[in-house]
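So the structure is just underneath, and the comments pick up after that.
The values are calculated or read from the model by the stated rules, or taken from the named source; none is laboratory data. Since we're looking at a predicted model, the values are computed, not measured. Counting neighbours? That spans all protein chains shown, and the Cβs are built from the backbone with ideal geometry, glycine included.
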Amino acid sequence: MAHIIVVGNEKGGSGKSTTSMHIATALSRMNHKVSVMDIDLRQRSLGRYLQNRVAFCKEQNVRLPIPKYQRLPDVNRETLREGENPYDQRMAAAVALLEPDSDFILIDCPGSHTRLSKVAHSLADTLVTPLNDSFVDFDVLAQVDSTGTEIKGPSVYSEMVWGARQLRSKAGLNPIDWVVVRNRLGAQNMVNKQKMGAALENLGKRIGFRVAPGFSERVIFRELFPRGLTLLDLKDVGVKQLNISNVAARQELRELIKALRLPGVEVNF
């Protein structure tokens, strides 16, 4: 069976699509069969990212690894039994289409609570939650006091993950490996970074997630999207000498893939 990676966070602007694209293409470069779904039916940022990649390869006549993109298939509502949700059936149908020929299926979720997102989380073998390194965004995981040190209670999103874990347990499936990825780490404000780090480690022990380093704030990510490129593509498209920032960003991606501990994956880039 394919290993399902779900990238989810109910707050927008956390870098979900950038993280999703880099994970998917990195796995493809390591010769794994990767399929992706974008279940943000309004924004479709990951879907547009992949469309940009296909267009760039065609225009520039270059070959780059491109994960298989799967839209949610439609279902005949007349065939649904009483009480069945069409979104549940669409998700199940999409996974069934992809599983026979995929080592990994990556699902990019919207920055809001939807039925599709809830279903996707219950399918996750690995859940990746990108989080901006700020207490404004920490609120998606838990409520904290004014000092940022005492955790007052879990968030609605954390409770949804808990519900997904319970569903998987009842179905006899392996527990979700939940990884919170610290994105947009800045070089300044060390006090905030230390408080965030301590709060995440504390909360992770309480509600069951691991913390992994993500991507620093870099201009390069905004430049890559229109061409559908990732950090690993730069030399393939003619960038002969990477600058210090690009080299550091590649190392961040390398560390992220290692931290995910995906089955059968040996990082070789």
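Go over the candidates ALA24, ALA2 one by one and state the one that is buried (at least 24 other Cβ atoms within 10 Å of the Cβ), within 18 Å of the chain's Cα centre (by Cα) and closer than 18 Å to LEU98 by Cβ.
ALA24
Could you please find all residues in region 89-148 being within 19 Å of the chain's Cα centre (by Cα), in a loop (DSSP other than H, G, I, E, B) and among the small types (Gly, Ala, Ser)?
Answer for region 89-148, where residues must be within 19 Å of the chain's Cα centre (by Cα), in a loop (DSSP other than H, G, I, E, B) and among the small types (Gly, Ala, Ser): SER102, GLY111, SER112, ALA124, SER134.
I'm checking my understanding of the structure. Among residues of region 213-229 that are at pLDDT below 95 and not in a helix (DSSP H, G or I), which one is nearest to the chain's Cα centre (by Cα)?
Taking the candidates together, the pick is GLY214.
Name every residue in region 251-269 that is more than 16 Å from GLU217 (Cβ to Cβ) and not in a loop (DSSP other than H, G, I, E, B), in order of residue number.
ARG254, GLU255, ILE257, LYS258, ALA259, LEU260
Quick one: would you say SER155 is of a type in the set (S, T, N, Q), surrounded by fewer than 20 Cβ atoms within 10 Å (Cβ to Cβ) and either touching a strand residue (DSSP E or B) at 6+ places or on another chain (Cβ under 8 Å) or in contact (Cβ under 8 Å) with a residue 40 or more places away in the chain (or both)?
Considered against the rule, which asks whether it is of a type in the set (S, T, N, Q), surrounded by fewer than 20 Cβ atoms within 10 Å (Cβ to Cβ) and either touching a strand residue (DSSP E or B) at 6+ places or on another chain (Cβ under 8 Å) or in contact (Cβ under 8 Å) with a residue 40 or more places away in the chain (or both), SER155 comes out as yes.
Touching a Ser or Thr at 6+ places or on another chain (Cβ under 6 Å), of a type in the set (A, V, I, L, M, F, W, C) and surrounded by 13 or more Cβ atoms within 10 Å (Cβ to Cβ), is that true of LEU41?
Considered against the rule, which asks whether it is touching a Ser or Thr at 6+ places or on another chain (Cβ under 6 Å), of a type in the set (A, V, I, L, M, F, W, C) and surrounded by 13 or more Cβ atoms within 10 Å (Cβ to Cβ), LEU41 comes out as no.
With the requirement that a residue be within 20 Å of the chain's Cα centre (by Cα) and assigned to a loop (DSSP other than H, G, I, E, B), what does region 230-250 give you?
THR230
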